[in-house]
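Trainee: My structure is below; once you've seen it, I'll send some questions.
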Amino acid sequence: MPSFVLMWRLDVVELIGETLEAVAGGVSGVRPVAARGDVPHSTARDWVRRFQAGAEVWAAALAAAVVELVGFAPQLPVGSGRAALEAVRWAWAAVQARAGPSVPGRWALISLITGGRLLAAAIDPLWLMLGGRRLMPPVP
């Protein structure tokens, strides 16, 4: 999968990520964000619902990756959606600290890490290769 898309989605991952940040982060409702992104509100609502459904798993997986990359656990807020958004920010910052400025955008990186399955109906265990080790983060 190219890093700028998610599986079974027609829109680019940056637009989806901006929508998730605004709605799941509590900044805005679905309809205003969908109007700004020029997508149907039902599409944006589906993105948010799918993200919320898998948010606990992604928060745990990305937090475990951060621990592996930088050696300490990120402080995540309570609430699965906000915790997952914060874990996305931490993971991107950790990879950027390791790899430098050549790291792709935050949501493109998350697309790569999740194999494009961020909004998939069924989430497989997330296996990451970090150095010579395999990492399977705990499932909450």
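Trainee: Would you pick out the residues in segment 23-38 that are buried (at least 16 other Cβ atoms within 10 Å of the Cβ) and outside any helix (DSSP H, G or I)?
Mentor: None - no residue of segment 23-38 is buried (at least 16 other Cβ atoms within 10 Å of the Cβ) and outside any helix (DSSP H, G or I), so the list stays empty.
Trainee: Of all residues in segment 62-79, how many are under 16 Å from the mean Cα position of the chain (by Cα) and within 19 Å of Arg106 (Cβ to Cβ)?
Mentor: Counting residues in segment 62-79 that are under 16 Å from the mean Cα position of the chain (by Cα) and within 19 Å of Arg106 (Cβ to Cβ) gives 8.
Trainee: Being in contact (Cβ under 8 Å) with a residue 24 or more places away in the chain and closer than 17 Å to Glu86 by Cα narrows it down to one residue among Val27, Val23; which is it?
Mentor: Val23 is the lone residue from the list that is in contact (Cβ under 8 Å) with a residue 24 or more places away in the chain and closer than 17 Å to Glu86 by Cα.
Trainee: Taking the condition modelled with pLDDT of 90 or more and within 20 Å of Gly116 (Cα to Cα), does Gly17 pass?
Mentor: When the stated conditions are applied, Gly17 passes them.
Trainee: With (1) in contact with a Pro (Cβ under 9 Å, 6 or more places away or on another chain); (2) surrounded by 19 or more Cβ atoms within 10 Å (Cβ to Cβ); (3) of a type outside the set (Phe, Trp, Tyr); (4) within 17 Å of Gly116 (Cα to Cα) as the list, and Ser3 as the residue in question, which single condition is left unmet?
Mentor: Unmet condition: (2).
Trainee: Sticking with this one: Let me confirm something: among Ala61, Ala121, Ala83, Ala87, which residue is under 21 Å from Leu6 (Cα atoms), buried (at least 21 other Cβ atoms within 10 Å of the Cβ) and at pLDDT below 90? Outline the logic, then answer.
Mentor: Numbers: Ala121 fails: buried (at least 21 other Cβ atoms within 10 Å of the Cβ); Ala83 fails: at pLDDT below 90; Ala87 fails: at pLDDT below 90.
Every option except Ala61 fails the conditions.
Trainee: Within the set of pairs 6+ apart or on separate chains, which have a first residue in segment 39-55 that is surrounded by fewer than 16 Cβ atoms within 10 Å (Cβ to Cβ) and part of a helix (DSSP H, G or I), a second that is modelled with pLDDT of 90 or more and among the charged types (D, E, K, R), and C-beta atoms under 7 Å apart?
Mentor: Matching pairs, first to second residue: His41/Arg31.
The values are calculated or read from the model by the stated rules, or taken from the named source; none is laboratory data. Quick caveat: nothing in here was measured; it's all calculated off a predicted structure. So basically every Cβ, Gly included, is an ideal-geometry build from the backbone, and we count neighbours across all protein chains shown.
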